[in-house]
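FYI, it's all coordinate maths here, none of it is from the lab. The structure displayed is predicted, hence computed values, not measured ones. Ideal geometry is used to build each Cβ from the backbone, glycine not excepted, and the neighbour counts take in all protein chains shown.
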Amino acid sequence: MHLPSQAGALAGIRVLDLSRILGGPYCGQILGDHGADVLKVEPPGGDDTRTWGPPFRDGVASYYHGLNRNKRIQHLDLTTAEDRERMLALVAEADVLIENFKTGTMERWGIGQAELSQRFPRLVWCRVTGFGSDGPLGALPGYDAAVQAMTGIMSINGEADGGPLRVGLPVVDMVTGMNAALGVLMALQERERSGRGQLVEAALYDSGLALLHPHAANWFMDGRAPKRTGNAHPNIYPYDALRTGTDPVFVAVGNDRQFAAFCRVIGMPDLATHADYATAGARSANRDALKAALEAQMAALDGRALVEDLMAAGVPAAPVLDVEAALRHPHTAHRGMVVEMEGGWRGLGSPIKLDRTPASYRHVPLTPGDRFAPRD
């Protein structure tokens, strides 16, 4: 879908995006989608993700295209005094600066946060890092998969009888970008009271740890090391992908009422009152036997028809779709989650829906720009 240009919730906010790779650029794109005027400054060779392909369009990878919509791009070499002065002229007009340089880099150039906060006291400085700026791991570089490994995410992802497994998308980087955008909005809101900007720091390490629910909550309560459970939820059951006579079905039963309805739909109503399965705790404790009983019954059922019957009965269920099927689903189009822009550019839409000031899609990736737009 194509939406016309319009003022968004962040119209009038100016963002200088000096970041590269994923977390920082994703933060900038979130702000840009909702109306902020985002200028992205890249080094002369461009953001590294321009080369992260295939596929490529005109020599630029799809990876880059997916993170740099609603920005205007220019190239500056901040190792030179001349281009640092150009950057500072933009900082003077900006409300927000996003950066993810290695700790100490901007300080060596004389344009670190401590220096610029004195010069530009209203500036919100958003720093995206791997591990933060100090502490035992401070200033070390961080990449999504390595942080997934180090924060325990890989240890609880994968089949129960398999080894640790990376989540198949850069979940830590993306959540860090979301946390960065959320922090920027908090800082802008606080600036309305104090008149002062502040440092917002979003670290991949912190974001990775923050994703550990409910595994961390379980460990804090009973001290047991969380284990991999495949598609199954660690606390409740059936909350799992189950085999049918055709396609597998994901069933998400969250309470006793839903379980009773589930049992009725698959033709096993008495199972809901069985002592081993009548309560959520009992179902979780006896999940292996329950799964075997359910899949034996469901072997005669058509998966897609079963999903429709379960949803009609108030039981959350879903077919297991691949990426293409998900992106082509009619509800994806209805929710505006596929965006088409000039030149044939397509990408994911904003998941943040506001009724009066919705997201808009104004600049395709690689749109040039060297100044902020005039304020209305």
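Data overview
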item: Cβ-defined net charge surrounding Gly349, 9 Å radius [Lys, Arg +1; Asp, Glu -1]; result: 0
item: Sequence-separation-based contact order of the stretch 54-126, relative, with Cα cut under 8 Å and 6+ spacing, percent; result: 24
item: Principal semi-axes in Å for the stretch 220-305 [√(5λ), Cα gyration tensor, largest first]; result: 23, 16, 10
item: Binned Cα-Cα distances of the stretch 281-376, short to long, each 10 Å bin given as a whole percent; result: 11, 25, 25, 18, 12, 7, 3
item: The stretch 291-324 and the stretch 72-131: distance between their alpha carbon centers, rounded to Å; result: 52
item: Ordering of 317-327, 356-366, 36-46 by packing [mean C-beta count within 10 Å, highest first]; result: 36-46, 356-366, 317-327
item: Average Cα contact separation per residue, the chain, under 8 Å, 6 or more apart, as relative contact order %; result: 20
item: Additional length obtainable on full extension of the chain from Ala296 to Lys102, 0.36 nm per residue less Cα span; result: 64.3 nm
item: Peptide ranges 22-28, 330-336, 9-15, 212-218 listed from the most packed, as the mean C-beta count within 10 angstrom indicates; result: 22-28, 9-15, 212-218, 330-336
item: Simple spin-label estimate for Arg166 and Arg196 in nanometres, 7 Å along Cα-Cβ; result: 4.2
item: Quotient of Cα Rg and 2.2 N^0.38 Å for the stretch 1-135, N being how many residues it contains; result: 1.07
item: Cα convex hull of the stretch 337-376, projected area averaged across orientations, nm²; result: 4.1
item: Rg [Å, one decimal], Dmax [Å, integer] - the chain, C-alpha atoms; result: 24.3, 78
item: Pairs of lysines in the chain (C-alpha under 29 Å apart; 8 or more residues apart or interchain); result: 6
item: Charge sum, other residues only, whose C-beta stays under 14 Å from Arg69's C-beta, Lys/Arg counted +1 and Asp/Glu -1; result: 0
item: GNM flexibility winner over the chain from Arg257, Arg122, Arg166 (Cα, springs under 10 Å); result: Arg257
item: Where Rh is the Kirkwood radius over Cα pairs, Rg/Rh for the stretch 190-236; result: 1.27
item: Taking only Cα atoms of the stretch 21-83, radius of gyration then Dmax in Å; result: 12.3, 36
item: Mean separation of Cα contacts under 8 Å, 6 or more apart, over the residue count of the stretch 18-65: relative contact order %; result: 30
item: Helix-derived mean residue ellipticity, 222 nm - over the chain, DSSP H n ≥ 4, -39500 (n - 2.57), to 500; result: -10000 deg cm²/dmol
item: FRET efficiency estimate (nearest 0.05) - Cβ-Cβ, Thr246 to His274, R0 22 angstrom; result: 0.25
item: Beta bridge orientation in the stretch 14-153: antiparallel %, DSSP, nearest 5; result: 10
item: In the stretch 140-219, GluC sites (Glu not before Pro) in a DSSP loop with at most 15 other beta-carbon atoms within 10 Å; result: Glu159
item: Gain in span if fully extended, Trp52 to Ala114, counting 0.36 nm per residue against the direct Cα distance; result: 19.0 nm
item: Equivalent ellipsoid, the stretch 103-254 (semi-axes from 5 times Cα gyration tensor eigenvalues, Å); result: 39, 18, 14
item: Residue among Pro238, His334, Cys263 farthest towards the positive dipole end of the chain, charges placed on Cβ; result: His334
item: Extended-chain gain in nm, criterion 0.36 nm per residue less alpha-carbon gap, Asp376 and Val320; result: 15.4 nm
